[in-house]
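To keep things clear, I will list the structure first and then write my remarks on it.
The values are calculated or read from the model by the stated rules, or taken from the named source; none is laboratory data. The shown structure was predicted, so the numbers you read here are calculated from the model rather than taken from an experiment. Reconstructed Cβ throughout: ideal geometry from the backbone, glycine too, with neighbour counts over all protein chains shown. All accessible areas refer to the heavy atoms of the entire protein, side chains included, with ligands and DNA or RNA removed. Shrake-Rupley method; radii C 1.70, N 1.55, O 1.52, S 1.80 Å.
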Amino acid sequence: MSRIIQVSELTYAARDRRRILENVFLSVERGKAVGIVGKTGSGKSLLVALLQGELRPQSGQILVNDRNVTRLSPAKLGQLRQHLGVLPQTPVWPEQLSVAEALQFKLSWLGLSAKQTARKIEETLTLLDMASLQNKRFPDLNLLERKIAYLASSLCHDPVLLLGDDPFSGLSEEGETTLALLLKKVRERRHLTTLLTGRRSAPLQRLGCRIVNLDNGNLEETV
Amino acid sequence: MTSALLGRLCRSIRGVSAVLFGVGGVLLWLTLVAGTLAFLVWNEPQPLQATRVLVALDPQLKRDDLDVLYLNMREWDEVKAVRFVLDAGDASLPSSVSLPPRTPALLLSLNPGASERQILERVQQIEGVRQTIVLGRGDVPALWVQTQTLKPALLSAFVVLLLASLLALVGGVRRLLQQWRGELELLHLSGVPRRNAASAFAVVGILVAGMGSVLASVVVYGFGVWAQSRLELVRQIFPYALEPERMLGLSLGTLIVGLLVGVVAGTWGSRVRD
């Protein structure tokens with residue numbers, strides 16, 4: 001089975017030269033789910049940012065969908081991101097548009113026709129059982145609904161890889177379970193490769209992730 | 001896509017962004033009007049210093065006699081220029097001055113320092129002179145002093161207002177960008193550079209500035225038309241407003257300057273990092 005993420009010898013140091021990630025190796029096969037668990041400040045968000053090409057490491061190689069993101073130009077990086085779905089830890093919520101309008105806004109910018117856009121919006125909203133929320137604006141949604149709406153936005157363009165930076169943060173246990181089950185459903189229906197981070201392993205295990213611990217800048221598989 | 005976003009952006013202008021755009025538009029309007037008026041005030045003091053004397057003549061005078069009078073007066077040392085006033089509604093005469101119909105008249109512009117009294121005595125001795133009217137006496141020096149301070153004041157106002165309008169428009173674009181940061185973040189995460197969408201925000205700044213400059217341009221041209229009427233004070237302070245070509249040029253200049261301000265404000269305000 002081919003790998004969609006292949007990280008090798010990755011090292012990233014902060015400005016004060018403190019190494020946050022050191023000689024990290026990670027591989028994720030297509031269609032699989034990986035959960036990276038670590039304490040606050042362990043470098044989980046950093047790893048997700050590096051996978052997206054938001055930051056560049058001091059050394060090492062990061063292959064995502066067969067592209068070395070450490071060497072891509074901004075334009076090529078943009079092209080790569082069009083195949084990724086990203087759930088940020090603290091997303092900036094769209095305020096001007098309803099959920100459906102936000103999806104339409106995004107898909108139109110990605111160059112989809114009106115017909116394709118309408119179809120993808122319908123598919124996504126149906127998949128996430130959120131048709132009733134489509135006309136609501138983000139400020140009118142509760143935190144769980146906002147996270148699901150953001151998930152819809154991350155999925156509507158059919159990404160090959162879903163990256164999530166602690167998507168469960170701030171949710172109640174019930175909210176975590178709901179989101180985890182939705183993510184599991186998405187994985188199963190779309191065979192979507194998923195890499196999520198979190199402070200606790202429970203919600204990640206619930207959606208069937210292979211758990212990897214991030215501690216002292218190193219990744220360690222949990223058996 | 002930018003045009004579709006533009007419509008949404010315009011509809012989302014409210015609150016602080018609406019105030020900033022409104023203030024920016026009005027300030028730009030004032031900037032352009034002040035700048036234009038600075039180009040319309042007198043540049044040279046001579047024309048205002050010259051007192052003019054209108055000499056109304058007997059309608060029975062023959063054409064040859066009028067020509068002789070004209071040529072004769074042109075040679076007087078106190079006289080700078082002479083011209084025929086053929087129409088009672090001559091635009092260069094104050095609206096308060098009226099001549100009986102078909103009354104020929106000569107308009108004498110005196111050299112600075114020429115004695116009005118001597119000229120009047122000399123003119124009134126000529127046969128065929130019915131009436132003499134002194135124009136612009138007394139208030140001319142005061143007007144000149146006013147226009148001398150008016151021009152730098154207008155130019156100063158232009159600079160200050162220009163900066164203020166630029167800052168207000170930049171603030172409006174930044175605020176709008178702030179309102180839409182969530183949507184831009186969605187695009188960024190999907191690989192669409194923020195700056196692609198940001199171009200629509202720049203267009204909003206240009207549109208607001210464009211509206212301000214179109215209004216200013218219309219006002220400038222309208223002022224030129226209005227100045228053609230017989231408002232002596234306006235004509236004495238802003239004499240160039242009587243030149244249609246100049247007014248048209250200034251109107252277009254106003255439009256161009258306003259749009260340039262919009263482009264600068266829009267580009268500056270919509271700068272984003274990807």
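Some notes on this structure:
- Residue within the range A:17-27 that is out of contact with any Cys (no Cβ under 9 Å at 6 or more places or on another chain), over 30 Å from A:Asn142 (Cβ atoms), of a type in the set (S, T, N, Q) and in contact (Cβ under 8 Å) with a residue 60 or more places away in the chain present: yes
- Each residue in the range A:149-204 was checked for being within 13 Å of chain B (Cβ to nearest Cβ) and of a type in the set (S, T, N, Q), and 2 pass.
- Of the strands (runs of 3 or more DSSP E) that lie entirely inside the range A:1-112, those containing 2 or more residues that are buried (at least 20 other Cβ atoms within 10 Å of the Cβ) and within 9 Å of another protein chain (Cβ to nearest Cβ) span A:84-87.
Table: residues versus (1) assigned to a helix (DSSP H, G or I); (2) among the small types (Gly, Ala, Ser).
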{"site": "B:Val192", "(1), (2)": "no, no"}
{"site": "B:Gly222", "(1), (2)": "yes, yes"}
{"site": "B:Arg246", "(1), (2)": "yes, no"}
{"site": "B:Val272", "(1), (2)": "no, no"}
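- Just so you know, in the range B:1-28 the residues that are under 25 Å from B:Thr254 (Cα atoms) and within 12 Å of chain A (Cβ to nearest Cβ) include one that is surrounded by the most Cβ atoms within 10 Å (Cβ to Cβ), and it is B:Ser17.
- Subset of the range A:121-148 (residues that are surrounded by 17 or more Cβ atoms within 10 Å (Cβ to Cβ), within 20 Å of A:Thr194 (Cα to Cα) and away from chain B (no Cβ under 11 Å)): A:Thr124, A:Leu125, A:Leu127, A:Leu128, A:Leu144, A:Lys147, A:Ile148
- Residue within the range B:190-205 that is within 30 Å of A:Leu163 (Cβ to Cβ), open to solvent by less than 70 Å² (accessible area, probe 1.4 Å) and among the β-branched types (Val, Ile, Thr) present: yes
- Some residue of the range A:139-155 being without any contact (Cβ under 8 Å) to a residue 12 or more places away in the chain and of a type outside the set (Asp, Glu): yes
- For the range A:149-181, filtering for residues that are crowded, with 20+ Cβ neighbours inside 10 Å, part of a helix (DSSP H, G or I) and either β-branched (Val, Ile, Thr) or out of contact with any Pro (no Cβ under 6 Å at 6 or more places or on another chain) (or both) leaves 7.
- Leading residue by the ranking (farthest from A:Val92 (Cα to Cα)) among those in the range B:207-222 that are touching a residue at least 60 places away in the same chain (Cβ under 8 Å) and surrounded by fewer than 21 Cβ atoms within 10 Å (Cβ to Cβ): B:Val219
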